[in-house]
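The values are calculated or read from the model by the stated rules, or taken from the named source; none is laboratory data. Note that this is a predicted model, so its numbers are computed, not measured. Counting neighbours? That spans all protein chains shown, and the Cβs are built from the backbone with ideal geometry, glycine included.
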Amino acid sequence: MAATLGRRLRKGATSGAVVAAAVAALAASQAPDTTPPPADNAGGDRAIGAGDTATPSGDDSATGDSPYYTELPPLNTPNKPGASINLPVITGPAEAGIPASVLSAYKRAEASIRSTDPACNLPWQLLAGIGKVESGQARGGLVDANGTTATPILGPALNGVGFANISDTDHGAYDGDKVHDRAVGPMQFIPSTWATWGQDANSDGKKDPNNIYDAAQAAGLYLCANDRNLAVKADLDRAVLSYNRSTEYLNTVLSWFEYYKRGTHQVPDGTGVLPVDRSDDRRPGNRPSTDTPFPPLPTTPAPTAPTPTGPPPAPKPEPSGTGVPPKTTRPTVPPTTPPTTPPTTPPTTTPTVPPALKVTRLAPVATGTLTATTGNAFARVPGVAALDASGAPVTGVLISFEISGTTDARFAGGATTVTVATGSAGIASSPALRAGEKTGSFTVRATVVSGTAPAAQFTATVTPREADTLAPVGGEALSATTGTGFTQLQVKATDKGVLAPGVLVTGIVVTSKTDPQQSAEGPYFKGEAGTTARTRTFETDANGLITLAAGDLLAGDKVGTYYLYLTAPGGGTTFVELTVTAPTPTPEPSSPAPSPEPTTSASDSPESTASASPSA
């Protein structure tokens, strides 16, 4: 039974039972309802070639239901479950090989869309499955160094005979047909769909459906439309059916999708295995199950028997009157020398080197240290030029920028790693880089994705926010008596005439403007019991102000003149005079005068009384 099924699959049959068996055999280790999303750490705020995000019509399809290749993958899987999907070049079954540029385009589209629409969970193997079914991976990878097919890939005219009936929408600009539309390119977009979803993923300034990078990016965005999550089986089926409304098409694409998930390898461009059977092939056993009639196949006229060539036959001898036939002389045939066939040397094909492997050096575009103040964007961002051995730029190469080191700086969108493609000049620059609140230095590392060129490194430094001017609000002098606190104090910070929020301002109590050293006595900042701190750091608020509330700065117990010396990064300084006075003494209350002692006369004394008595 297995052998029979294998033969049927290799012949390209697409009946529901056969395809279901193939999918079941290829996906035995998968969960029944979901497809786990592949791991990917790409991120950033800008997709590679991200463009239109319009929603496709529910009644149309990307290809206009054009014909497709019905050949199914072999039952023997390219690798065991869990094995690497990045195998060395030309390793494994031929059917699992994907041309280098085509494979690069699929992976690049996945990385781009995953950075802007991670909820879609687009796997590049799904793009590979569609590319296999639609064009045989761009006719086995017949593309130039920029990813454009050697000749346009065109489907049949969509004239309603066997396919959809779509009148011309592009005036023949893409498909060369001014009467009807045709599916175009390695991912077979009809012109009207391409007008909405076309992309410029290789940064060459045009959206070309015959370019595998542009087409793969557009196909990924199209599949992710309508908020689909391709890790959910129902959304995955709907996405594929939106490409071509055929159950047989769905089963064929999913068969290759599962096959590629089990393992693939890279082959040189132009050497991919080409499928044979198509859905519009009317040969017995290959016509898909549909009620739609197919156009007749072109007929080949019967060969005509060649006319023999050679020396003319000898003339018949004429009879003589003697009755004896005359002697005939056989004509002499000159000897012939067979033509010498020059030895032929089979043509040598030079394997196409993937763009990533052409890069031998990453030359920094931005040199020197990148600097920014806390919470602000860096004025410059890391950028590199991808160069080959001759120093020429290499376009369409994925460059990964990664932040490393102890820092809270991030690329726009909060990512620490982003992937960007080089443009026509071979240059790739990271998205905007913003500093966090942590000061210090860190490193940004640029590497070629799937390449061997040495990495380029950039040093970035985060410095504190700055203010070039500090000015007291409401006066430059405060006074308080010993043992009390000073009234409220506000100081405004500006930088280049603009309010400077978030600036760290240092305040020190000193005794001299010319020698601002911390004082050992006098005013101090309010703190825990028993502390007499005379240095403190403040942060300006959203209005660029620092505020010391009443009682935050205490006078101390030493009378004299002191200063609060304030400094900020950026050069802003100011002195606030602090005068400590003694309290006014309270006057003591006056005491009453003592009352006089009573006096007695001689006549009042007892002695005089006693001496007078006898005489009386």
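I'd like to verify a number: residues in segment 490-519 that are touching a Lys or Arg at 6+ places or on another chain (Cβ under 9 Å), of a type in the set (Ser, Thr, Tyr) and under 22 Å from residue 439 (Cα atoms), how many?
Of the residues in segment 490-519, 1 are touching a Lys or Arg at 6+ places or on another chain (Cβ under 9 Å), of a type in the set (Ser, Thr, Tyr) and under 22 Å from residue 439 (Cα atoms).
Here are some residues: 494, 452. Which one is assigned to a strand (DSSP E or B) and either surrounded by fewer than 19 Cβ atoms within 10 Å (Cβ to Cβ) or in the same structural domain as residue 567 (by TED's automatic domain parsing) (or both)?
Checking each option against the conditions leaves just 494.
Filter segment 257-284 for residues that are out of contact with any Leu (no Cβ under 8 Å at 6 or more places or on another chain) and hydrophobic (A, V, I, L, M, F, W, C); which is surrounded by the most Cβ atoms within 10 Å (Cβ to Cβ)?
267
Please work out if residue 204 is farther than 22 Å from residue 279 by Cβ, touching a His at 6+ places or on another chain (Cβ under 7 Å) and buried (at least 18 other Cβ atoms within 10 Å of the Cβ).
Working: farther than 22 Å from residue 279 by Cβ: yes; touching a His at 6+ places or on another chain (Cβ under 7 Å): no; buried (at least 18 other Cβ atoms within 10 Å of the Cβ): yes.
No: the conditions fail for residue 204.
Can you name the condition, by its number, that residue 227 falls short on among (1) assigned to a loop (DSSP other than H, G, I, E, B); (2) crowded, with 18+ Cβ neighbours inside 10 Å?
If we test residue 227 against (1) assigned to a loop (DSSP other than H, G, I, E, B); (2) crowded, with 18+ Cβ neighbours inside 10 Å, just (2) comes out false.
I need a count of the residues in segment 149-165 that are assigned to a loop (DSSP other than H, G, I, E, B), crowded, with 21+ Cβ neighbours inside 10 Å and modelled with pLDDT of 85 or more.
Qualifying residue count for the region: 3.
Pull up segment 396-416, narrow it to residues that are at pLDDT below 90 and touching an Asp or Glu at 6+ places or on another chain (Cβ under 7 Å), then point me to the one that is surrounded by the fewest Cβ atoms within 10 Å (Cβ to Cβ).
Per the stated criteria, the residue is 413.
Cβ-Cβ distance below 9 Å, separation of 6 or more or different chains: which pairs start in segment 226-248 with a residue that is on the phi > 0 side of the Ramachandran plot and touching a residue at least 24 places away in the same chain (Cβ under 8 Å) and end on one that is among the hydroxyl-bearing types (Ser, Thr, Tyr) and surrounded by fewer than 16 Cβ atoms within 10 Å (Cβ to Cβ)?
Hits for this filter: 226/55.
I'm trying to understand the selection: among the residues of segment 187-201, which are aliphatic (A, V, I, L, M) and either under 13 Å from residue 152 (Cα atoms) or buried (at least 24 other Cβ atoms within 10 Å of the Cβ) (or both)?
187, 190, 201
Output the qualifying pairs, or none if there are none: Cβ atoms under 8 angstrom, residues six or more apart or on different chains, first residue in segment 540-560 and touching a residue at least 12 places away in the same chain (Cβ under 8 Å), second residue in a loop (DSSP other than H, G, I, E, B) and charged (D, E, K, R).
Final answer for the pair search is 547/541; 551/526; 552/526; 553/526; 554/526; 556/521; 558/521.
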